[in-house]
1. Step by step: first the residues of the stretch A:1-21, then only those that are open to solvent by 40 Å² or more (accessible area, probe 1.4 Å) and among the aliphatic types (A, V, I, L, M), then the one that is farthest from B:L22 (Cα to Cα). Which residue is that?
2. Is there any pair linking a residue in the stretch B:40-53 that is within 17 Å of B:R15 (Cα to Cα) and more than 8 Å from chain A (Cβ to nearest Cβ) to one that is open to solvent by less than 30 Å² (accessible area, probe 1.4 Å) and not small (G, A, S), with Cβ under 6 Å and at least six apart or on different chains, and which?
3. Just a yes or no: is a residue in the stretch B:116-131 at pLDDT 80 or above, part of a loop (DSSP other than H, G, I, E, B) and out of contact with any strand residue (DSSP E or B) (no Cβ under 9 Å at 6 or more places or on another chain)?
4. Mind listing whichever residues of the stretch A:80-137 are within 22 Å of B:Q142 (Cα to Cα) and polar (S, T, N, Q)?
5. Collect the residues in the stretch B:17-41 that are more than 14 Å from A:R18 (Cβ to Cβ) and part of a helix (DSSP H, G or I), keeping them in residue-number order.
6. Looking at A:W46, A:W113, A:W42, A:W101, can you tell me which residue is at pLDDT 75 or above and either open to solvent by less than 60 Å² (accessible area, probe 1.4 Å) or outside any strand (DSSP E or B) (or both)?
7. Kindly list the number of the only condition in (1) closer than 30 Å to B:Y49 by Cα; (2) open to solvent by less than 80 Å² (accessible area, probe 1.4 Å); (3) touching a strand residue (DSSP E or B) at 6+ places or on another chain (Cβ under 6 Å); (4) modelled with pLDDT of 75 or more that fails for A:E88.
8. Here are the criteria: (1) closer than 24 Å to B:T113 by Cβ; (2) surrounded by fewer than 22 Cβ atoms within 10 Å (Cβ to Cβ). Tell me which single one B:A69 does not satisfy.
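The values are calculated or read from the model by the stated rules, or taken from the named source; none is laboratory data. As the structure is a computational prediction, the values presented were derived from the model and not from experiment. A quick note on method: Cβ atoms are made from the backbone with ideal geometry, for glycine too, and the neighbour counts reach across all protein chains shown. Side chains included, ligands, DNA and RNA excluded: accessible areas come from the protein's heavy atoms. Shrake-Rupley method; radii C 1.70, N 1.55, O 1.52, S 1.80 Å.
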Amino acid sequence: MNYKLHELEAELKRLRPRAPSELCEARVEAALAKARASTRGWRRVWRALALSGVAAALALSAGLVKTSSASAALSPVAVENEVYDTHEDGVVKLADGSKVWRTRIQYVDTMRWSDGGRTLTLTTPREELRIVPLVAY
Amino acid sequence: MEDTPQHESWKDWFRQHGPKLLLFARQATRTRADAEDVVQEAFVRFWRYQRKLGGEPLGLLFASVRRAAVDLARRNLRRAQRELTAESELAEDDGGLFEVLGENDDRRVAIETAIRHLPDKLREVLVLKIWGERTFEEIGTQLGLSANTAASRYRYALIALRKLLITDNCPLP
C-alpha cells in the first residue's frame, strides 16, 4: 500500500466506534439474569425430585421385604413419562472436536405399584440429551 | 485474542467488545436500534452457550452477529413488505458510527458518509480489519473467502474510501 493509504488507514484507526447504549446493556443483563433464574429453578425441582426418588426407593425396598413375607407382593400397574422441560444448548463441541446441536429434554418418570389396596409411587427425574451433528457451521 | 474465563464478568467483556460488535452489526442493519437488537441477541447466545466451546471467542461473536443481522433483515423485509417504506426506515437511523471528535468532527462525519457509500462486501472487510482487529486469515474464514481475497477487498475499500473523501472535498484531518 502506498503512503496515502497508510495515512488513511491510520486515520481510520483513530476513530472509536460508539458503544452500545445503556438500554442495550440493561437488556443483555435482563436476558442473562432470566436465563440464570430459569436454570436455578430447574435445579431446585431436580433436587427435590431426586430426594423424593431416593425416599420412594427406600420405602419400596422396605415394602418389598414386608410384602414378600406376607405373600401379597406389590406389582407394577403404571409407568408414565412426562416431559417437564426442553432446553436448547445450541452448538457445542464434543471431545473429538466435532460440533453438534444439543437439546436437553427433561422428563419425570413415574412408576406405580399396587397390591390391590396399597399403592407405591416412585418418581424419578431423567434427562435425555439429543445431539444432531452439524456438517457446516 | 484472549479466552473468556468463566469468572470474567460479562459486563467487562461487553464493554470491551460491544463497540466493535455494534459497528459491525450496523453494516448489515438499517438503524442503530436494529443493530443493538442484533448485538444483544448474539451476545446473550454467545455468553450462554458458545463461550465454553473454546477457540477464538471474538470470531464466534462476529459470526453470531452476522447471522443475527441476516435473520433480522429477513424479518424486516417481510415487515417492510407489509407496512413500511425504505425511506421511513432510513429516517429512523440515529447517531453516528463513531464517537464524536472534538475539534474535527466534520472529518468524522465525512468518513462515516463515505463508509456508508462503500459496497457491502468492501465495507464488511474494512470494518472487520480496522475496528474488529481481525487478521486477513480470520476475516477470510469468517466470510468464506481466501485471505488474499480479504486483503484485496481491504485495499479496494481504502482506495474507494479515499476517492470518495477527495471527491466530496471533505476537510482533511
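1. Of all residues in the stretch A:1-21, those open to solvent by 40 Å² or more (accessible area, probe 1.4 Å) come to A:1-4, A:6-7, A:10, A:13-14, A:16, A:18-19.
Filter once more, keeping what is among the aliphatic types (A, V, I, L, M): A:1, A:10, A:19.
Details: A:M1: 28, A:A10: 21, A:A19: 7 Å.
Per the stated criteria, the residue is A:M1.
2. Matching pairs, first to second residue: B:A42/B:V65; B:F46/B:L61; B:R51/B:T4; B:R51/B:P57.
3. yes
4. Of all residues in the stretch A:80-137, those within 22 Å of B:Q142 (Cα to Cα) come to A:90-94, A:97-101, A:133-137.
Within the stretch A:80-137, A:S98 is the sole residue that qualifies.
5. Listed by number, the residues that qualify are B:D34, B:D37, B:V38, B:Q40, B:E41.
6. Numbers: A:W46 fails: at pLDDT 75 or above; A:W42 fails: at pLDDT 75 or above; A:W101 fails: either open to solvent by less than 60 Å² (accessible area, probe 1.4 Å) or outside any strand (DSSP E or B) (or both).
Selected residue: A:W113, the only one of A:W46, A:W113, A:W42, A:W101 that is at pLDDT 75 or above and either open to solvent by less than 60 Å² (accessible area, probe 1.4 Å) or outside any strand (DSSP E or B) (or both).
7. (2)
8. (2)
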